[in-house]
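The values are calculated or read from the model by the stated rules, or taken from the named source; none is laboratory data. Remember, it's a predicted structure, so these values are computed and weren't measured experimentally. All Cβ positions, glycine included, derive from the backbone under ideal geometry; neighbour counts span all protein chains shown.
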């Protein structure tokens with residue numbers, strides 16, 4: 001006896017299954033309006049589309065970022081336009097003041113208006129902001145990674161053993177190669193905010209035990225925390241009331257350390273210099289070779305331990321005013337009341353990096369400006385000064401050049417955004433082409449397979465009827 005496989009019936013059933021599968025796939029494509037609904041539909045095309053979608057998201061973010069840059073530059077343009085009008089008004093007032101027919105009362109009124117206009121220029125520069133960032137009163141001191149620094153002198157060294165806070169804002173041009181870099185604080189036995197070669201920031205100070213032995217103690221970030229070209233606000237807090245030292249970067253606490261009960265802070269009034277400095281001069285191969293390569297816009301010393309809330313407010317542009325013992329600001333230029341610039345350190349405008357492309361390294365640097373009355377050398381100017389007209393004309397030239405630079409940056413940012421839009425559109429069309437379904441083609445496939453399915457079903461029915469008749473004949 002032989003058991004034989006019913007090959008014809010199996011083939012017909014297989015064809016039925018295949019036709020149903022093809023019909024379902026084509027129906028799904030038409031219903032979803034997508035040619036690819038699962039990975040097996042087209043592995044190669046789906047891989048390409050995933051890469052294109054990643055590029056699309058990056059370009060979309062780049063478009064958003066460049067719009068932020070455009071908005072920032074528009075704010076700068078608006079503020080600088082107002083300052084230009086006011087500087088021009090100063091020029092007009094000086095010319096008017098030279099009219100010999102004016103009475104002394106008239107001249108006094110002109111002087112009052114002149115001074116008020118200068119104050120308005122300073123006010124606009126200080127309060128023109130974008131996302132809590134001052135954009136027209138934004139300048140830093142450039143430290144060249146060698147011997148440049150700003151010295152605030154000895155008069156603050158006594159604060160080191162009581163409640164106090166060090167605060168500085170800086171931008172890193174280049175990480176140090178083998179030794180840490182001193183950014184802001186007390187020199188000698190460093191009580192300062194510093195940068196390590198591994199890209200970590202730290203707040204360092206010294207504790208002294210009962211025997212008089214001093215040991216270095218630090219709190220800081222992880223390695224690789226800081227990046228070249230980025231700006232940071234670092235705040236080191238000494239809280240002697242609670243025996244704690246805390247370190248904050250960009251508004252968030254990154255580390256803290258308890259001061260042991262049997263130890264005290266190092267007293268800088270007795271030895272080891274203790275000058276308060278922005279940066280530090282270097283002595284290559286000597287005892288203080290810790291130069292910083294970058295820009296520092298400010299350094300502040302408070303005679304109190306700032307709270308976490310005050311630190312967060314400071315990061316958002318609202319620095320505490322009480323307890324401020326010393327403030328050095330690059331934007332104040334020659335009007336700084338403290339601080340001596342050493343070894344040729346120069347003033348530069350701050351910059352903001354905008355990621356303007358698909359790559360994280362594709363950045364555009366937006367140059368800010370210092371159009372404050374102090375930055376324009378107008379702050380202490382009198383309408384009767386012999387060089388008043390020359391000073392105002394120089395200020396007007398600076399404002400006009402700055403506005404030209406803002407316009408050039410705005411054009412470049414608009415052009416970059418158009419490039420991103422073009423790339424986004426092309427990538428979007430490519431994705432659409434990969435996924436788009438040919439409805440007519442799929443409808444034709446459905447019709448074809450429905451006919452094939454109907455034929456298969458008829459053949460199966462006829463074949464089964466034939467087998468039933470054969471069985472009946474055998475049983476008779």
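Brief remarks on what is shown
- Unique residue being modelled with pLDDT of 95 or more and either more than 30 Å from residue 351 (Cβ to Cβ) or surrounded by 16 or more Cβ atoms within 10 Å (Cβ to Cβ) (or both) when the list is 434, 406: 406
- Within the range 156-171, at least one residue is modelled with pLDDT of 90 or more, assigned to a strand (DSSP E or B), over 18 Å from residue 276 (Cα atoms) and in the same structural domain as residue 280 (by TED's automatic domain parsing).
- For the residues 289, 362, the requirement of being at pLDDT below 90, out of contact with any strand residue (DSSP E or B) (no Cβ under 7 Å at 6 or more places or on another chain) and farther than 18 Å from residue 141 by Cβ singles out 289.
- The range 215-230, residues that are in contact with a strand residue (DSSP E or B) (Cβ under 9 Å, 6 or more places away or on another chain) and over 18 Å from residue 182 (Cβ atoms): 215, 222, 227, 229, 230
- Some residue of the range 297-313 being closer than 19 Å to residue 199 by Cβ, within 29 Å of the chain's Cα centre (by Cα) and not in a strand (DSSP E or B): no
Results for (1) surrounded by 20 or more Cβ atoms within 10 Å (Cβ to Cβ); (2) in the same structural domain as residue 87 (by TED's automatic domain parsing); (3) over 22 Å from residue 95 (Cα atoms), shown as yes or no for each residue.
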{"position": "339", "(1), (2), (3)": "yes, no, yes"}
{"position": "343", "(1), (2), (3)": "no, no, yes"}
{"position": "389", "(1), (2), (3)": "no, yes, no"}
{"position": "394", "(1), (2), (3)": "no, yes, no"}
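- Of all residues in the range 121-135, those that are under 15 Å from residue 81 (Cα atoms) have Cβ atoms under 6 Å from Cβ atoms of residues that are assigned to a helix (DSSP H, G or I), 6 or more apart or on another chain, in 121/83; 121/86; 124/79; 124/82; 124/83; 128/79; 135/76.
- Single match in 332, 298 (criterion: out of contact with any helix residue (DSSP H, G or I) (no Cβ under 6 Å at 6 or more places or on another chain) and either at pLDDT 90 or above or buried (at least 21 other Cβ atoms within 10 Å of the Cβ) (or both)): 298
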